[in-house]
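The values are calculated or read from the model by the stated rules, or taken from the named source; none is laboratory data. All figures in this text were calculated on a predicted structure; none of them were measured in a lab. In this analysis, Cβ positions are derived from the backbone assuming ideal geometry, glycine residues included, and neighbour counts consider all displayed protein chains. To get the accessible areas, we keep the full protein, side chains included, count just its heavy atoms, and leave off ligands, DNA and RNA. Shrake-Rupley method; radii C 1.70, N 1.55, O 1.52, S 1.80 Å.
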Amino acid sequence: MSKKIWMRFAISLAVVTSLAFVGWVASSNGIAQNVITGDWTAKLQDDSAKINLNFEQRTEKGGRNQMGQTYDFADLQGLTREQVLSGGPVKFSLVREAGTIDCEGSFQNGKGSGTFRFTGNQSFVSAMKSRGFDFEESSISNDGRHSENRLFTAATLNVTTALADDLSSAGFGKLRVDDLFKAAIFKIDSKFMREMKASGFADLGMEELVKARIFKIDADFVRQVSQRGFDKELFESLVKMRIFKITPEFINEVRNEGLTDISVEDIVKLRIFKIDSEFIRQARAEGVPLEVERLVQRRIGVARK
């Protein structure tokens, strides 16, 4: 069971961390340098305060590259909530440091569609390169459009030189362009990076920081877990705790029932088999030894030897 769960986790994490930019690793030829064109669709969010905007580009082989983000109306020049609600033709732009996405189309019943044209900003490329982030470095893409695709991703995610400077100031070593994308997606900044590093995980990389954001692992959680005797654990152990919803309170709960010498793996088993303080007390009253394996056997109905 544990192996299957971790397999699903690994696959899900890979999908989550790549969705925002994997679709733009390849696109069609025959477009002017730093220009990308395609179609857009949009839908008003339920609370009507934000709008989800999806960009799509067709490849030469008939495939589709898609990327969607949720934006405040303040991000979209020329488009208001009232226009979306009232419907009709629209022209609006997403202006970012990496470039500008000009959109044209129409809305009806809170939904819109049309075409877009992205024009990259070469000054941004130069500024990023001077900071060690090369948007033009070689890649596995074989159509020569990787630089434009990276610029487009930077624009949709609002990757800026200020973000690059902030992340570089944290002292995490060499960062790459894809690390900027991940930081923008998962709201990782130098403050969070320093706090995690100071919590005892000096060798964390961007992948671990992404996991920390996904599973809500911050310096306070690390501190609380450490105070309960898990100060020597690997970072992946904390990820396990979050995956299986192991809280400091749950650790206290089972320890108060007598399971004082317990490992992370033991606590995970207790969570998997829904063994809490009440179950432990009942099992103990029935003569079950106060051991994790025996408690698990009791839960699944395996006869004691």
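Its alpha carbons considered, the stretch 183-247 gives a radius of gyration followed by a Dmax of 11.0, 34 Å. Measuring between alpha carbons in the structure, the pairs from K197/K245; K182/K240; K191/K211; K174/K197; K182/K211 lying more than 19 angstrom apart are K197/K245; K182/K240.
In plain terms, the chain from R294 to T161 could stretch by 42.2 nm, reckoned as 0.36 nm per residue minus the Cα-Cα distance.
Calculated FRET efficiency, E207 to K50, Cβ-Cβ distance, R0 = 35 Å: about 0.75 to the nearest 0.05. Dimensions of the stretch 158-281 based on its C-alpha atoms, expressed as ranges along the principal axes with the largest first, amount to 58, 22, 17 Å. Whole-Hz Karplus values for the stretch 117-127 come out as 9, 9, 10, x, 9, 5, 5, 5, 4, 5, 5 Hz, taken residue by residue from phi with 6.51 cos²θ - 1.76 cosθ + 1.60 and θ = phi - 60°; glycine and proline positions read x.
Using a Gaussian network model of the chain in which every pair of alpha carbons under 10 angstrom is joined by a spring, one finds that among L270, L234, L76 the greatest mean-square fluctuation is at L234.
Taken per residue, the accessible surface of the chain reaches 52 Å², heavy atoms only and a 1.4 Å probe. Among the GluC sites (Glu not before Pro) found in the stretch 56-121, those both in a DSSP coil and sparsely packed, with 11 or fewer other Cβ atoms within 10 Å of their Cβ, are E60. When the chain is treated as a GNM with alpha-carbon contacts under 10 Å, the residue of D47, D231, D266 showing the greatest mean-square fluctuation is D47.
Global dimensions of the chain from alpha-carbon coordinates: Rg and Dmax equal 24.8, 77 Å.
Shown in residue order for the stretch 81-90 are the 3J(HN,Hα) couplings computed by the Karplus curve 6.51 cos²θ - 1.76 cosθ + 1.60 at θ = phi - 60°: 4, 5, 5, 5, 6, 7, x, x, x, 9 Hz (x for Gly and Pro). Out of the total accessible area of the chain (probe 1.4 Å, heavy atoms of protein only), what percent is carbon and sulfur? Ligands and nucleic acids excluded, carbon and sulfur give 48 percent. For the stretch 98-224, taking the reciprocal of the average inverse distance between every pair of different Cα atoms yields a Kirkwood hydrodynamic radius of 16.4 Å.
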